[in-house]
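Since the structure comes first, as structure tokens, the remarks are kept for the end.
The values are calculated or read from the model by the stated rules, or taken from the named source; none is laboratory data. Everything numeric here is computed off the predicted structure, so don't read it as measured data. Positions of Cβ are generated from backbone atoms using ideal geometry, with glycine treated the same way; all protein chains shown enter the neighbour counts.
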Amino acid sequence: MAQKPSDPGRFLPIRRSGSGMLPGLMPSRTPPKWLAAPTRIGWALGAVLALALGVRLLAWGDVFVGERVLFVVGDAYYHLRLAEYSWHHFPAFLTHDPFLNFPVGGEVPWPPLYDLWVAGSALLLGGGVARLEWVAALWPPVLGALTAGIVFATARRLAGDAVGLGAAALFAVLPASLSVSQVGHADHHAAVAAIGAAWLWLQVRALEPDAARSLWVEVVGTALARAALVLVWAGSILYLGLADVGWALVAGATGRRHSLRAHAAGLVGTALLLCPFVAHAPGPAFTSVELSWLHPAACLALAAWAVMASFWGRGVSLGSSLVRTAALGAPPVAVLLALPWVREGVLGGTRFIGKADLWGHANPEQSPLYSSVGNTTWAVSTLGWLGYLLPLAPLALAWRIRRDGGPSGLAVVALWVAGFGALAVAHVRFVSDLAPAAAVGFAILLADAGRGAAHRLNLANRCWHPAIAVVLAVSALAPALWRNPGLQLWNATRHAFAGAASGEPRVANDVTASLVEFLHVVREVTPGSDGFAARPPVKPDYGILADPSLGHALHYVARRATPSDNFGPYLEPEMLVQTLEALVGLEPAAATAVVDQLQARYVLSSWQPRYWPGTLLERLQDGDGSGLGEYRLIAEGPEGGVPLAALFAAPPPGTVAYKLFERVPGAQLQVATAPGKRVVALQTVVAPSGRRIAYRQEAIADDQGRALLRVPYATGANGLMRAGRYRVLAGAEPQYATVSECQVLEGAVVVVPTPSTDGEIPGC
């Protein structure tokens, strides 16, 4: 029976097109341009990218507070230190920093590209250092959104537009990416993920059937991406071992001889691009944890492998080709590892991966993926329930390739997920490197699950496929999204309005604001260091001994040097050991000898949930230095502030977050009394907050009836603290002593009682 013509404006069914268009009903007339399929994809992608950028900007109110920009405490502040140096002296970059590893100074372990990028961007926009901080705070969310676009392009090439949009949306809200790309997280991890995602896209593109017509993309594109990744993070030599080796195996197994030769040319190009930077690298000649000659040498070894595989890698079957390609990689690797200095350089990285370094089991970044954090696990908090499916994802992708004969690029994605997934299982820090490939792989698998579920439920309409996939994705990510503070819109909005209304940094319930506020105080009450931005930087006159976790913030915010910092054992293990021994491992007398050896004029103490009794940190932070005649409290606070350790344990009410003590010779109160008698000196020290500290010092009179009591406070101002006269108890009546600043700094002997001064403090 003939079908009657439809009336104008009626909808007619159409067949599914080869372009991946979803089936359904379309109007018979030509749709408006803004409703055309490519345009709809563009609008949808724009919405996903806006989502990716928006969720990363939710913490805006926690970062931009008044005139200050508050960054995540840790490595972000040292990136700012390097970026500010390059901002002053562009395109120069810092290689030796006297503020590290004080008093010796330290070689900067990070490659310079990311910090040059931030500094160059700020210079293009104009403005002062404040503009630099804005740029540094905003680049991570921008890079996160750009990475979502790259993820879309990769998944689209493998599975079509709909899966591409799903992968981009999955990446947009994946906490594994959000944790390193939120506003204010001015670290290099977002840049590493973005460049890594671009590299993955190039590898997938290079394995397509028509890739031979654009081999220059493989040569130039991957050479630039590989070099950029190494120059952003020296540890990206892992990408050479995982991404390049995996791609060569796939290309060799499928007989892509021209692609392998182009791959080799790209590796040689990367080596040439790295050489000028390596020539100026300050670290060891061959090491895997800093930029060194090991990086270009590894590129050349991989290039030699690719060339050999292009001639002899093809076998009679896929399996034999794979085995032959893998075997051809042994000679260049063996030649490289035969060199003892190269072998030692590689071992440095293996010690990190194997957690054999000094704090491998104490650093949260090196926690296993399935270990507990709070009331959940790292796997759930970063990947949701997908974290428990991660070990199965590469197998599922491999099974899909075997079942459907999928594109070779999908095998590359499976290898990325397997390689970086294995690293993430051992070290949660690698979960951000895993995120782009994981988003592509899981989006493809979720789409398959949606189709399979719709088929089993006899849901004929194809619209059910993406709907079920979306429900599965949301269900899998729900526990992670619910716990992620960056996605709690109400809190972020409330903080934004609170910050805008006050115009001042919040310190109550805000770890970062509390620390930054106090470090500005440290900068005010301690002598300045004019060499911070000089070229080259000038060695400071003194250092500040503090918890290494506060080191980078001290460098940038307070402009002060430290013996050890967040680099920990990866910069100078001996300095880390000495710092920890002085604070929590030795009694005060022995700790003071270490303080003097490190030329630390100041000691910054911070609240900790547990102290070792009798150690310097316990005597200073918990006892206000009472009984220690060589340490005086000169600043504390901020009032109502929260210490960094509050991230792990709740401090009791009224806790003073931070205290700054000055190491002084101390005046010596000389008191005449009966031999063997105990003499006590008491003094009241008042903080700006009004908190009153009862300082107490004791001594026993010698055989001549003379007691010497070393005391650190001068009568009057001591930094921001004020101290009264000493009240000395040695007989029936108390005696009083007034001590000047000069007497404290020179270790002078002060005979008690001192003459009446009528309010005037005596000179030296």
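Looking at Ala76, Ala47, Ala83, Ala92, which is the one that is aliphatic (A, V, I, L, M) and free of Cβ contacts under 8 Å to residues at least 12 places away in the same chain?
Within the list Ala76, Ala47, Ala83, Ala92, the selection yields Ala47.
Among the residues of segment 449-465, how many are part of a helix (DSSP H, G or I) and surrounded by fewer than 20 Cβ atoms within 10 Å (Cβ to Cβ)?
The number of residues fulfilling the criteria is 7.
Could you look through segment 636-676, keep only residues that are within 37 Å of the chain's Cα centre (by Cα) and more than 19 Å from Thr512 (Cβ to Cβ), and pick out the one that is surrounded by the fewest Cβ atoms within 10 Å (Cβ to Cβ)?
Pro653
Looking at segment 93-135 only, could you name the residues that are more than 17 Å from Pro573 (Cα to Cα) and in contact with a Lys or Arg (Cβ under 7 Å, 6 or more places away or on another chain)?
Those that are more than 17 Å from Pro573 (Cα to Cα) and in contact with a Lys or Arg (Cβ under 7 Å, 6 or more places away or on another chain): Ala122, Leu125.
May I ask you to verify whether Leu51 is at pLDDT 85 or above, in a helix (DSSP H, G or I) and surrounded by fewer than 20 Cβ atoms within 10 Å (Cβ to Cβ)? Don't jump to the end; show me each part of the working.
Values: at pLDDT 85 or above: yes; in a helix (DSSP H, G or I): yes; surrounded by fewer than 20 Cβ atoms within 10 Å (Cβ to Cβ): yes.
Yes; evaluated as a whole, the condition is true for this residue.
Among the candidates Ala582, Ala600, single out the residue that is modelled with pLDDT of 90 or more, among the small types (Gly, Ala, Ser), crowded, with 23+ Cβ neighbours inside 10 Å and touching a Phe, Trp or Tyr at 6+ places or on another chain (Cβ under 9 Å).
Ala600
Matching residues to (1) under 30 Å from Val749 (Cβ atoms); (2) not assigned by TED's automatic domain parsing to the domain that holds Tyr736:
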site	(1), (2)
Gln599	yes, yes
Pro609	no, yes
Glu636	yes, yes
Pro643	no, yes
Lys659	yes, yes
Ile693	yes, no
Ala701	yes, no
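Condition (residue is crowded, with 16+ Cβ neighbours inside 10 Å and at pLDDT 50 or above) applied to segment 17-37: is it met by at least one residue?
No, because not a single residue in segment 17-37 is crowded, with 16+ Cβ neighbours inside 10 Å and at pLDDT 50 or above.
Go through (1) surrounded by 20 or more Cβ atoms within 10 Å (Cβ to Cβ); (2) out of contact with any helix residue (DSSP H, G or I) (no Cβ under 9 Å at 6 or more places or on another chain) one by one and return the number of the condition Tyr556 breaks.
Checking Tyr556 against (1) surrounded by 20 or more Cβ atoms within 10 Å (Cβ to Cβ); (2) out of contact with any helix residue (DSSP H, G or I) (no Cβ under 9 Å at 6 or more places or on another chain), the one that fails is (2).
Based on what the data block shows, is Glu574 in the same structural domain as Leu628 (by TED's automatic domain parsing) and loosely packed, with under 15 Cβ neighbours inside 10 Å?
yes
Would you say Trp139 is over 30 Å from Thr579 (Cβ atoms), among the aromatic types (Phe, Trp, Tyr), buried (at least 18 other Cβ atoms within 10 Å of the Cβ) and within 19 Å of the chain's Cα centre (by Cα)?
yes
So, in segment 670-684, exactly how many residues are closer than 11 Å to Glu698 by Cα, in contact (Cβ under 8 Å) with a residue 24 or more places away in the chain and not aliphatic (A, V, I, L, M)?
1
Mind checking which residues of segment 607-635 are at negative phi, among the charged types (D, E, K, R) and touching a residue at least 60 places away in the same chain (Cβ under 8 Å)?
If we filter segment 607-635 for residues that are at negative phi, which is where we start, we get 607-613, 615-623, 626, 628-635.
Still in the list and also among the charged types (D, E, K, R): 610, 618-619, 622, 630, 632.
If the condition is that a residue be at negative phi, among the charged types (D, E, K, R) and touching a residue at least 60 places away in the same chain (Cβ under 8 Å), then Glu630, Arg632 are the ones that fit.
Residue check, Val104 against (1) crowded, with 19+ Cβ neighbours inside 10 Å; (2) assigned to a loop (DSSP other than H, G, I, E, B); (3) of a type in the set (Val, Ile, Thr), all met but one. Which one?
(1)
Among Leu274, Leu267, Leu291, which is touching a residue at least 24 places away in the same chain (Cβ under 8 Å) and outside any helix (DSSP H, G or I)?
Of the residues listed, the single one that is touching a residue at least 24 places away in the same chain (Cβ under 8 Å) and outside any helix (DSSP H, G or I) is Leu291.
Name the single residue, out of those in segment 651-679 being within 22 Å of Gly551 (Cα to Cα) and in a loop (DSSP other than H, G, I, E, B), that is modelled with the lowest pLDDT.
If we filter segment 651-679 for residues that are within 22 Å of Gly551 (Cα to Cα), which is where we start, we get 651, 655-663.
Of the ones still in play, those that are also in a loop (DSSP other than H, G, I, E, B) are 651, 655-657.
Numbers: Pro651: 89, Thr655: 92, Val656: 94, Ala657: 94.
By that ranking, first place goes to Pro651.
Regarding Tyr556, is this residue at pLDDT 90 or above and not in a helix (DSSP H, G or I)?
Details: at pLDDT 90 or above: yes; not in a helix (DSSP H, G or I): no.
When the stated conditions are applied, Tyr556 does not pass them.
Can you name every residue in segment 118-131 that is part of a helix (DSSP H, G or I) and farther than 11 Å from Phe93 by Cα?
Residues satisfying the conditions are Val118, Gly120, Ser121, Ala122, Leu123, Leu124, Leu125, Val129, Ala130, Arg131.
If we keep just the residues of segment 77-99 that are aliphatic (A, V, I, L, M) and at pLDDT below 95, which is nearest to His188 (Cα to Cα)?
Here the answer is Leu94.
Here are the criteria: (1) touching a Ser or Thr at 6+ places or on another chain (Cβ under 9 Å); (2) within 29 Å of Tyr570 (Cα to Cα); (3) surrounded by fewer than 24 Cβ atoms within 10 Å (Cβ to Cβ); (4) of a type outside the set (Asp, Glu). Tell me which single one Thr270 does not satisfy.
(3)
If a residue has to be surrounded by 22 or more Cβ atoms within 10 Å (Cβ to Cβ) and either in contact with a Lys or Arg (Cβ under 8 Å, 6 or more places away or on another chain) or assigned to a loop (DSSP other than H, G, I, E, B) (or both) to count, how many in segment 608-627 make the cut?
Here the count works out to 4.
Which of the residues spanning segment 722-739 are part of a loop (DSSP other than H, G, I, E, B) and either touching a Cys at 6+ places or on another chain (Cβ under 6 Å) or touching a residue at least 40 places away in the same chain (Cβ under 8 Å) (or both)?
Selection gives Gly724, Arg725, Ala730, Gly731, Val739.
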